[in-house]
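Every number in this text was worked out from the coordinates using simple rules, so none of it is lab data. These numbers were taken from a predicted model, which means no experiment stands behind them. Every residue, glycine among them, receives a Cβ derived from its backbone with ideal geometry; neighbour counts consider all protein chains shown.
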Amino acid sequence: MTDKINIIYISLNGNTKYFVECLSDYIKTTKDVVVESLNIKDLKGESFPVDEPFVSFLPTYLNGGNGIHTGDKEVLTTRLGDFIASNDNFKYCYGIIGSGNRNFNNQFCLSAKQYAERFGFPLIDVFELRGTQSDVKRIANLIIDRQEEFLNKL
Ligand SMILES: Cc1cc2nc3c(=O)[nH]c(=O)nc-3n(C[C@H](O)[C@H](O)[C@H](O)COP(=O)(O)O)c2cc1C
């Protein structure tokens with residue numbers, strides 16, 4: 001039974017942080033579940049072992065290209081990947097939610113798709129920029145379901 005959700009994310013310009021805050025409020029008030037979140041931007045490059053299941057949020061910052069043949073060089077957000085890779089933390093991550101801007105076409109949310117492939121956890125969902133209230137509700141329910149499934153397999 002889920003009574004706590006841990007969110008480990010990175011937000012450089014505040015959109016993802018805003019979404020995580022709305023999502024946390026929604027989960028706390030409607031599901032009676034505690035939510036703890038950590039913005040990797042607030043760390044000073046340090047990492048530590050995570051010992052509880054968590055879900056991750058990753059906005060997309062790619063350098064040039066079109067997402068098909070070229071241009072999938074992740075910039076600025078690699079600290080999240082380093083944190084997830086360190087101490088085998090990826091083993092506790094049951095999924096990732098990507099965000100981005102649809103103007104980037106094939107590069108929309110590409111980094112989260114790449115993390116899912118790299119670490120072997122599922123891409124749970126995506127949203128654009130600061131998201132909408134319907135994104136908040138849908139993603140809250142998906143996270144709770146995914147965490148339940150993960151806990152049942154431990
Ligand atoms: C330099 C730069 C590159 C970006 N590249 C992409 C991209 O390749 N694909 C995408 O979907 N969004 C891209 N975005 C949009 C961001 O992912 C989007 O604004 C996101 O909400 C930023 O999250 P944050 O405010 O939490 O840092 C880019 C934004 C910037 C400023």
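Remarks
- When residues in segment 33-64 are screened for being surrounded by fewer than 15 Cβ atoms within 10 Å (Cβ to Cβ) and either without any contact (Cβ under 8 Å) to a residue 12 or more places away in the chain or farther than 22 Å from Met1 by Cα (or both), 9 of them pass.
- Residues of segment 92-150 satisfying the condition of being in a loop (DSSP other than H, G, I, E, B), surrounded by fewer than 21 Cβ atoms within 10 Å (Cβ to Cβ) and out of contact with any helix residue (DSSP H, G or I) (no Cβ under 8 Å at 6 or more places or on another chain): Asn101, Thr132
- Scanning segment 1-12 for residues that are in a loop (DSSP other than H, G, I, E, B) and farther than 27 Å from Glu74 by Cα returns Met1, Thr2, Asp3.
- Residues (in contact with a strand residue (DSSP E or B) (Cβ under 7 Å, 6 or more places away or on another chain) and either within 14 Å of the ligand (Cβ to nearest atom) or within 20 Å of Thr78 (Cα to Cα) (or both)) located in segment 13-39: Asn15, Thr16, Lys17, Phe19, Val20, Ser37, Leu38, Asn39
- Residue in segment 96-115 that is among the charged types (D, E, K, R), within 15 Å of the chain's Cα centre (by Cα) and either more than 16 Å from the ligand (Cβ to nearest atom) or within 22 Å of Asp32 (Cα to Cα) (or both) present: no
- The set of residues in segment 20-31 that are over 11 Å from the mean Cα position of the chain (by Cα) and in contact (Cβ under 8 Å) with a residue 24 or more places away in the chain comprises Cys22, Leu23, Tyr26, Ile27, Thr30, Lys31.
- Residue list for segment 40-90, restricted to those being under 19 Å from Tyr18 (Cβ atoms) and either of a type in the set (Val, Ile, Thr) or within 12 Å of the ligand (Cβ to nearest atom) (or both): Ile40, Lys41, Val55, Phe57, Leu58, Pro59, Thr60, Tyr61, Leu76, Thr77, Leu80
- The set of residues in segment 54-75 being part of a loop (DSSP other than H, G, I, E, B) and over 29 Å from Ile144 (Cα atoms) consists of Asn63, Gly64, Gly65, Asn66, Gly67, Ile68, His69, Thr70, Gly71, Asp72, Lys73, Val75.
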